[in-house]
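Since the structure comes first, as structure tokens, the remarks are kept for the end.
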Amino acid sequence: MKLSPKELIVLRLVAEGMSDKEIGTKLGISERTVQTYLTRIMLKLQAKNRVNAAVLFFMSNPDLYKTYSNNKEGYEKNYYPLDSRRILSECVRN
């Protein structure tokens, strides 16, 4: 199944390691709306969880990951030294 443009943005922010609350704040939507998007994404991709969804999707579509990583669509990257979220994000990139 194809993901909507908003679902792609949410999934990209998940890959960056953001929480539902952080994603909602960045996109100007509620935390519950973010959770609804993630539920739909996981169903479409048959993923076990949010991280699995991001990995499955961007491993299958690396060109889209690059597109969304270069697109500063209302959010900034979270970088914390030795942060597992940053490490996951870098793993998805490679």
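The values are calculated or read from the model by the stated rules, or taken from the named source; none is laboratory data. In this text, all values refer to a predicted model and were calculated from it rather than measured experimentally. Cβ atoms come from the backbone with ideal geometry, glycine included; neighbour counts cover every protein chain shown.
Would you be able to say whether some residue in the range 29-38 is closer than 14 Å to Val55 by Cα and among the acidic types (Asp, Glu)? Quick ask: steps written out before the conclusion?
Taking the range 29-38 and keeping what is closer than 14 Å to Val55 by Cα, we get 38.
Filter once more, so that each one left must be among the acidic types (Asp, Glu): none.
Looking for residues that are closer than 14 Å to Val55 by Cα and among the acidic types (Asp, Glu), one finds none in the range 29-38, hence no.
Within the set of pairs 6 or more residues apart or between chains, which connect a residue that is within 14 Å of Lys44 (Cβ to Cβ) and modelled with pLDDT of 90 or more inside the range 7-22 to a residue that is of a type in the set (Ser, Thr, Tyr) and crowded, with 19+ Cβ neighbours inside 10 Å with Cβ atoms less than 6 Å apart?
Glu7/Tyr37; Val10/Tyr37
Can you give me the number of residues within the range 24-63 that are at pLDDT below 85 and touching a Phe, Trp or Tyr at 6+ places or on another chain (Cβ under 7 Å)?
Residues flagged as at pLDDT below 85 and touching a Phe, Trp or Tyr at 6+ places or on another chain (Cβ under 7 Å) within the range 24-63 amount to 1.
Would you mention how many residues in the range 1-16 are touching a Phe, Trp or Tyr at 6+ places or on another chain (Cβ under 9 Å) and in a helix (DSSP H, G or I)? Give the steps one after another, and end with the answer.
In the first step, residues of the range 1-16 are kept if they are touching a Phe, Trp or Tyr at 6+ places or on another chain (Cβ under 9 Å); the result is 3-4, 6-13, 15-16.
Now narrow it down to the ones that are in a helix (DSSP H, G or I): 6-13, 15.
Qualifying residue count, the range 1-16: 9.
Where residues in the range 26-39 are without any contact (Cβ under 8 Å) to a residue 40 or more places away in the chain and under 13 Å from the mean Cα position of the chain (by Cα), which of them is surrounded by the fewest Cβ atoms within 10 Å (Cβ to Cβ)?
Within the range 26-39, the match that is surrounded by the fewest Cβ atoms within 10 Å (Cβ to Cβ) is Thr39.
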